[in-house]
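In what follows, a single structure is set out as structure tokens and then discussed.
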There are 2 protein chains.
Amino acid sequence: MKAAISLFAPASVANISCGYDVLGLCLESVGDTMHFEKNSSGKVVLHQIDGTDLPLEPTKNVAGVAALAYLKAQGITEGCTISIKKGILPGSGIGSSAASAVGAVVGVNALFGSPLSRASLLPYALEGEAIASKARHADNIAPALLGGICLVRSTTPLETLALPCPKDLHIVVIHPQIEVKTAAARALIGNHVPLPKTIQQAANLGAFVHALHTADYSLMGRVVEDHIAEPHRKQLIPHFDTLKAAALEAGATACGISGAGPSVFALAQGNSKVQAVVEAFDKVYQTTTIQYTLHSSKINPEGVRLLS
Amino acid sequence: MKAAISLFAPASVANISCGYDVLGLCLESVGDTMHFEKNSSGKVVLHQIDGTDLPLEPTKNVAGVAALAYLKAQGITEGCTISIKKGILPGSGIGSSAASAVGAVVGVNALFGSPLSRASLLPYALEGEAIASKARHADNIAPALLGGICLVRSTTPLETLALPCPKDLHIVVIHPQIEVKTAAARALIGNHVPLPKTIQQAANLGAFVHALHTADYSLMGRVVEDHIAEPHRKQLIPHFDTLKAAALEAGATACGISGAGPSVFALAQGNSKVQAVVEAFDKVYQTTTIQYTLHSSKINPEGVRLLS
């Protein structure tokens, strides 16, 4: 058992257009760095959060709630002090709260001898995530925790599937530095879906899973489309239609809103197309006054990474 | 070019619970036998339909409409005389109209030298199917035409995917001899689906595709469930809940309504479970006054079969 643990908790792209609330994939280089130390207070202490303004009160903080849920369930009475360097801004649409929740449970579990497997940590991370998004959805926490592309088959009981990932599949993300609250973005969608859209969304998700298994990028391009959220949410994202058209024009396989937005993702096959999509995104936002960041990488196969 | 063609047009199970309007699989031994001969009238003539009472007027008959659509598109001015021995009763829920539509286009295509591939025949079969169900859904015609398990990814444009089929996957079907009109069964469902059910249905369909690719029967059992149609339609099927409970008790992987019903299907892994499920279905209906038939087979991998 180590006295201190550091880890990298990755960002993730949820929904992937065709899998509202059930699909997600893990990013490689964007994420939070978290540090954990035991303490003798018997309490979870959030010592410091760098990079953004989040509550330090453990019961109001995603990482705190997740850590508390884990410690309580494991009957651990020792305390733990957590420091977070946020590399993902809250409300960015690339799983900021999920990274904190997942990092917290992996860190605390490692600190106390790793009694639980990665997959067994999911429910505790979900407890944390739930206080941020006001809904029990695991489409960010599953890929952030387990890596790769995940399908959340069920939340009650919690069941996630690791989908195959074609080896030259890359992801490009542009993050406009404006905040979209997940709960507000969810409210835009309404409580009912017209039956034809329900049918089309399900068919596309089924076909996406088939496309992953067969590494069929052409099919992937036809099915990564969003009949549920994008038509309502794209109004929250400046120049969304222009970004999407530019990405597709540059050779992206598909393009859509990452999670609740405002980040926008594109899937691309191989390095040369990735570079073209990055440039296409860049060109659209260069002419605006909006601050933005750009990331591109392969899909991260491992999820949270212990650093020490 | 042959002067006469005979073929077997198979029954099919649509929906498979988790794929409303988009999934279907092909049966092996149940179906219609159809005979085709050229005639010099320049017209499509429905000479005879044995086994049930269906219109002989070509524009009102599924097979006639499908054949006419094919001949018109191909610019063929010769006529064709069709005789059908229905092995599938209309309103049975195992693709009676789809078998006629699919058989018609395969038969007429073969009669005129098979200029089109199987897959290219789909749109003409869909024309025929549409007059029976009042909706353009291809979840019966795709598997009846192409065999195996099909996912109808899109109807506009028409795109179907051949899903992998685990080799020991069997299907059992009980057909209570009561009629359920597809259009009436569709009307029960309503025009909107609550968002959580939309999400769950899509997740289950995605997971079903994954289960087929990985031959994971346990997962298949958890996801072949119906959040859209079964809760509304099961009232049309006498003893549905008892049938389902008996099939699962006997070792079936899953059980649900075939298409719009009243037929009920069960998926089962391997011969011994198939036999137990057949007996379980039989036992439930033995004590009723309802006439019924029982079928079991592997999934038919080839679809329509030319006999001569």
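Connecting C-alpha atoms closer than 10 Å in a GNM of chain B, tell me which of B:291, B:48, B:275 has the biggest fluctuation.
B:291
So, for the range A:190-308, what is the accessible surface per residue at a probe of 1.4 Å, expressed in square angstrom?
For the range A:190-308, the solvent-accessible area averages 41 Å² per residue.
How much of the accessible area of the protein assembly as shown, probe 1.4 Å, is carbon plus sulfur, in whole percent?
Carbon and sulfur together cover 52 percent of it.
Give the nm distances, rounded to one decimal, from residue A:197 to the matching residue in every other copy, measuring between label points 7 Å along Cα toward the beta carbon; shortest first.
1.6
Looking at the square roots a ≥ b ≥ c of the eigenvalues of the Cα gyration tensor of the range B:129-200, which shape do they give, rounded for a/c under 1.5, prolate if a/b is larger than b/c, or oblate?
The shape class here is rounded.
If I build a Gaussian network model for chain A, linking alpha-carbon pairs within less than 10 angstrom, which residue out of A:112, A:281, A:36 has the largest mean-square fluctuation?
Answer for the Gaussian network model of chain A: A:112.
At R0 = 22 Å, how high is the FRET efficiency between residue B:3 and residue B:73 if r is their beta carbon distance? Nearest 0.05 is fine.
0.45
Please give, to one decimal in nm, the separation of the simple spin-label points placed at residue B:179 and residue B:131, each 7 Å out from Cα toward the Cβ.
Reported label-point gap for residue B:179 and residue B:131 is 1.7 nm.
When the helix-only estimate is applied to the protein assembly as shown (DSSP H runs of n ≥ 4, each -39,500 (n - 2.57), divided by the residue count), what is the mean residue ellipticity at 222 nm, nearest 500 deg cm²/dmol?
Value at 222 nm, helices only, nearest 500: -11000 deg cm²/dmol.
Given Cα pairs under 8 Å that are at least 6 residues apart, what percent is the relative contact order of the range A:169-298?
With pairs under 8 Å counted, the relative contact order is 41 percent.
Distance in nm between label sites at residue A:117 and residue B:197, each 7 Å beyond Cα in the beta-carbon direction?
Roughly 3.5 nm, to one decimal.
Averaged over A:151-157, how many beta carbons belonging to a partner chain fall within 10 Å of each residue's beta carbon?
5
For the range B:1-83, which GluC sites (Glu not before Pro) are in a loop by DSSP, counting at most 16 other Cβ atoms within 10 Å?
B:78
Report the gain in length on full extension from residue B:290 to residue B:214: 0.36 nm times residue separation, minus Cα-Cα distance, nm rounded to one decimal.
Answer, rounded to one decimal: 23.5 nm.
At a 1.4 Å probe, which residues in the range B:162-200 are at least 40 Å² less accessible with all protein chains present than in their chain isolated?
B:192, B:193, B:195, B:198, B:199
Can you list the distances in nanometres, one decimal and ascending, from the residue B:73 label point to the identical position in each other copy, with the point 7 Å along Cα to Cβ?
5.3
From the label point of residue A:218, set 7 Å from Cα along Cα→Cβ, how far away are the matching label points in the other copies, in nm, ordered shortest to longest?
Listed shortest first, these distances are 3.7 nm.
Shape of the range B:169-298 from its Cα gyration tensor (a ≥ b ≥ c, root eigenvalues): rounded if a/c is under 1.5, otherwise prolate when a/b > b/c, or oblate?
Since a/c reaches 1.5 but b/c is at least a/b, the shape of the range B:169-298 is classed as oblate.
Taking a probe of 1.4 Å and counting only protein heavy atoms, give the total accessible area buried between chains A and B in Å², rounded to the nearest 100.
Buried surface at the A/B interface: approximately 2700 Å².
Could you give the length gained on full extension between residue B:188 and residue B:232, defined as 0.36 nm per residue of separation minus the Cα-Cα distance, in nm?
Length difference between fully extended and current span is 15.2 nm.
Any idea what the relative contact order of chain B is, in percent, if you count C-alpha pairs under 8 Å spaced at least 6 apart?
25 percent
Between B:273, B:234, B:197, find the one with the highest GNM mean-square fluctuation for chain B; connect C-alpha pairs within less than 10 Å.
B:197
The values are calculated or read from the model by the stated rules, or taken from the named source; none is laboratory data. Because the structure is predicted, anything quoted here is derived from the model rather than measured. Reconstructed Cβ throughout: ideal geometry from the backbone, glycine too, with neighbour counts over all protein chains shown. Ligands, DNA and RNA are stripped out before the accessible areas are found, and what is left, the full protein with its side chains, is counted by its heavy atoms. Shrake-Rupley method; radii C 1.70, N 1.55, O 1.52, S 1.80 Å.
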